[in-house]
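A.B. asks: Sharing a structure with you now.
The values are calculated or read from the model by the stated rules, or taken from the named source; none is laboratory data. No experiment lies behind these values; they were computed from the predicted model shown. Neighbour counts run over all protein chains shown; Cβ positions are idealised from the backbone, glycine included. For the accessible areas, the whole protein counts, side chains as well, though only heavy atoms, and no ligand, DNA or RNA atoms are used. Shrake-Rupley method; radii C 1.70, N 1.55, O 1.52, S 1.80 Å.
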Amino acid sequence: MPKSLQTQSGWRLGLAGLAMVSLSLPVLAQFRGTFPPPGDMINPGDTPPAPTVTTDPTLDRPNFRFTGSVSATSNPINTAQFFPQIQPTLRPRSIVRANPKLQNWGDMRQLANNPLRAGLPTGQPGAGLKQKFPGIGFTGPIPPDPDIAVGPSDIVQVVNGGIAFFRKSNGSRYFQVSDSNTAFWAGMGAPDFIFDPKVFFDPGTQRFYMVYLALDDPNQKSYLLIAVSDDANPSGTWNRYRIDVTGTAGGNATWFDYPGFGFNRDAVVISGNMFGFTAGSFGSRIVALHKATLAAGGAINAKISDAPGTFTFQVARTVDPTMSKLPMVARRGFSSSFLTLANVADVTNTVGEAPTITTTNITVPTYNGHFTDATSFGRVLDTIGDRMMTAYARNNRVYAVHTTNAASGRAQVSWYEIDLATWPASGNPATLQSGNITNGANDVYMPSIAASANGDISILATRSGDTLRPELVFWTQETGAAAGTVNGPTLLAASSGPPHNFFRFGDYSDIEIDPDDDSTFWGVGNNFGGGNWTTDIGNWILTRVDTVLPGSVTLLQGTNIGGNAAALNAAGDGQRLRVQSQLVNRVGQVSLQTVGFTTTAVPNRIKFIDIQATALVENRPFVSGSLLVKNINTGRFEIVRSFQLLGGDSTVKFRILSTQLANYVTAGGVIEVQIRSFESISRFRGTPGSHVLSIDEMKLEVGHAG
């Protein structure tokens, strides 16, 4: 039976006041040869009217309705079939798509006497750039729409016109082909016009996921083209799917534009704006996919839901494997004091079974849309200041960013950290912090945002000015900094030449977190050089994570039957520390050992220390495990984690926060950890037999200022 669409208690349903204006530009334009002047492409229209001021934050919320399932089967492709592996991808003609934009849309109400204020950059230096290399160069289409996915060893980059793989270690490009229907998307029944790529790496399934949009304007058909690698190496097999997302509204066929592309542990969701092939805007559409089926290359049943009267939901890339929530974020209107949050749940692969989509609104500092263009040496660049641009989620928080209008009239970046708390089960989310990023007389636009496992935040964007060529820069906020503040900017890459004569620029940038350390930020964006666009990829870190291996093992209870401290240095290397338990009178079977570690990190720069142990028990089914850490102030070992030891390896972790270092770390950087196995004497089972605790790995991960 279809699951219901949930709404927040106490809010009224409906879309009063959310009617959207018609577009004042062609929905799709393809040009050959000379580019038309900007005025032929888009007319921003009149200055937005002053928003209505309200004292009531209780606004109508959008309601998603389930419209059905669309089935698709896998069509695999192997990248080894392309020869050479790096192919020219410059299209013989330039394809330029008009960017449908909306002005004066949505609920324009702003909260009177809004108590929330956005923070500002500190002006202090931010994190330094570690590595930089050129991404895909000009492929023909404008704009490039660059995006990246970062895996254990490789980076996948997509742009309009091409797909490339890079070595993460040195930035060397070893694969690049066209994204056309005669190359990577061959055999998919895709039309010629393929655009708006997105890509991500999912640490949970160890796979790369890619989406492109495809548009058949003559036949009024709109498609998603999806590809999933079969493992963490992008070279090899990708399972590809084509999903028909053509809609109908008011008797008009509609097409899917400007995708959001996110995931959590259970689902992959693609969001988009629906526009009429002839005219009009018809709200947002989301396509929800069962991730396990997609990762296995199985036949999928895509679940489609629509929210009329909304615009540009960005789906959070939710890398936290403990999060069951999959949030989406949208602006409440072109100008507003509110954002709309949605959560997608219960995504199955069963035909006709609807996902559960819950929505609510939250108050944020008042923002105004930016509908004018950025400037650079007399040329104008589209800032896309009418929509949410990216979202990221972890640790039950969601981060979002978009371009808004600064008091000076220049483009600025507005960003948010939102605590989801117990929502959507109960309660309401809350804005923890927000900030506006301005840069003097320059425009700042095309932003993206991400957060590390430690809670460090980084924002990547483009800045340009009347006398400043576009350049890619980033800001950073370390955990514990003043709310809404960021340090920087730091230059990632600058344009080597002036902008081209056409005003399309982005349409987006991207930041991802390296799955190896969950701390390094990777970013991609575009600049100009040689008369055309270029892309650049780089990384930086606020928190460096170093691995500390055991220095000693002291056996306190039990008998060593194999291995030593060196056996704990790596998981899966065939070496283990094996300890047979001993019977303790009136207690039961016990094994206990102390493992010593020494970190050389500067104490006042340590942000956290993660203790990790991987172990199993041999020949007994009811053995409990404990992880203990010595409190240097009391001299006693404290139980910090209890867990069940099984016949297969289990991994247990405990994090020492910076505020707890004085309890557990000596002045010399020594930390003592105990791992204990225990099976008690039972009235029913009697005195247990001995067991063997088999420890595969123990280590510290020390996070400190990079």
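A.B. asks: Probe of 1.4 angstrom, ligands and nucleic acids ignored: what's the accessible area per residue over the chain, in square angstrom?
C.D. replies: 36 Å²
A.B. asks: Something else now. Kindly sort S496, S336 by accessible area of their heavy atoms, largest first, with the probe set to 1.4 Å. Please list the in-between numbers first.
C.D. replies: Working: S496 90, S336 0 Å².
In descending accessible area the options line up as S496, S336.
A.B. asks: Now a separate question. Return the FRET efficiency for the residue pair I639, A705: r is the Cβ-Cβ distance, R0 is 25 Å, and the value is rounded to the nearest 0.05. Spell out each step's value before the answer.
C.D. replies: Values: r = 30 Å, r/R0 = 1.21.
That gives a FRET efficiency of 0.25.
A.B. asks: Now for a different question. Give, in nm to one decimal, the length gained when the segment between L646 and A483 is fully stretched (0.36 nm per residue of separation minus the Cα-Cα distance).
C.D. replies: Result: 54.3 nm gained on full extension.
A.B. asks: Still on this structure, I have one more. How high is the FRET efficiency from S172 to D60, r the C-beta distance, R0 56 Å, rounded to 0.05?
C.D. replies: Once the sixth-power term is evaluated, E becomes 0.60.
A.B. asks: List the residues whose amide H sits under 5 Å from the amide H of L646, counting only those 5 or more places along or on another chain, with H placed 1.01 Å from N in the peptide plane.
C.D. replies: V617
A.B. asks: Using only DSSP helix segments of four residues or longer, with each worth -39500 (n - 2.57), what per-residue ellipticity at 222 nm results for the chain after dividing by its residue count and rounding to 500? Could the numbers behind the result be given before it?
C.D. replies: Values: 2 runs with 9 residues, N = 706.
Here the helix-only value at 222 nm equals 0 deg cm²/dmol.
A.B. asks: Here's a follow-up. At 0.36 nm per residue, minus the direct Cα-Cα distance, what do A249 and A80 gain on full extension? Give it in nm, one decimal, please.
C.D. replies: 56.6 nm
A.B. asks: Using the per-residue mean of other Cβ atoms lying within 10 Å as a proxy for protection, in what order, highest first, do the peptides 676-686, 182-192, 142-152 fall?
C.D. replies: Values: 676-686: 15.0, 182-192: 16.6, 142-152: 25.0.
Highest to lowest by the protection proxy: 142-152, 182-192, 676-686.
A.B. asks: Any chance you could get the radius of gyration and Dmax over the Cα atoms of the range 314-399, in Å?
C.D. replies: Cα radius of gyration and Dmax of the range 314-399 are 16.6, 55 Å respectively.
A.B. asks: Moving on to the next point. What distance in nm separates the simple spin-label points at R586 and N114, each placed 7 Å from Cα in the Cβ direction?
C.D. replies: The answer from the label model is 6.7 nm.
A.B. asks: Using a 7 Å offset from the Cα along the Cα-to-Cβ direction at both T659 and A407, what is the distance between the two label points in nm, to one decimal?
C.D. replies: 3.4 nm
A.B. asks: Also, quick follow-up: What nm distance separates the two modelled labels at A292 and Q131, each placed 7 Å from Cα along Cα→Cβ?
C.D. replies: 3.4 nm
A.B. asks: Continuing with the same structure: Sequence-distant or interchain residues sharing an amide H contact under 5 Å with G135, placed H: which?
C.D. replies: Residues meeting the criterion, in which the H sits 1.01 Å from N, are T535, D536, I537.
A.B. asks: May I ask you to order 548-560, 368-380 by the average number of other C-beta atoms within 10 Å around their residues, highest value first?
C.D. replies: Put in order of decreasing packing, that is 368-380, 548-560.
A.B. asks: If you don't mind, another one. Please report the carbon-and-sulfur percent of the accessible area for the range 353-403; probe 1.4 Å, protein heavy atoms only, DNA, RNA and ligands left out.
C.D. replies: 46 percent
A.B. asks: Let me ask another. Hey, what do the phi angles of the range 273-278 turn into as Karplus ³J(HN,Hα) couplings, whole Hz, using 6.51/-1.76/1.60 and θ = phi - 60°, x for Gly and Pro?
C.D. replies: Per residue, the Karplus-derived 3J(HN,Hα) values read 8, 9, 10, x, 5, 9 Hz.
A.B. asks: Still on this model: Of the cross-linked pairs K630/K653; K303/K653; K132/K699; K198/K325; K221/K303, which ones have a Cα-Cα span greater than 25 Å in the structure shown?
C.D. replies: In this structure, K303/K653; K132/K699 lie more than 25 Å apart at Cα.
A.B. asks: Another question about this same structure. Counting only residues 5 or more places away or on other chains, whose amide H sits under 5 Å from the amide H of R61 once H atoms are built in the peptide plane?
C.D. replies: Under 5 Å from the amide H of R61 lie the amide H atoms of R12, G14, each far enough along the sequence or on another chain.
A.B. asks: With r as the distance between the Cβ atoms of D419 and E618 and R0 = 35 Å, compute the FRET efficiency 1/(1 + (r/R0)^6) and round to 0.05.
C.D. replies: Numbers: r = 44 Å, r/R0 = 1.24.
For E618 and D419, the calculated efficiency is 0.20.
A.B. asks: I'd like the distance separating the alpha-carbon centroids of the range 348-393 and the range 426-463, in whole Å.
C.D. replies: Taking the Cα centre of each part, the range 348-393 and the range 426-463 sit 13 Å apart.
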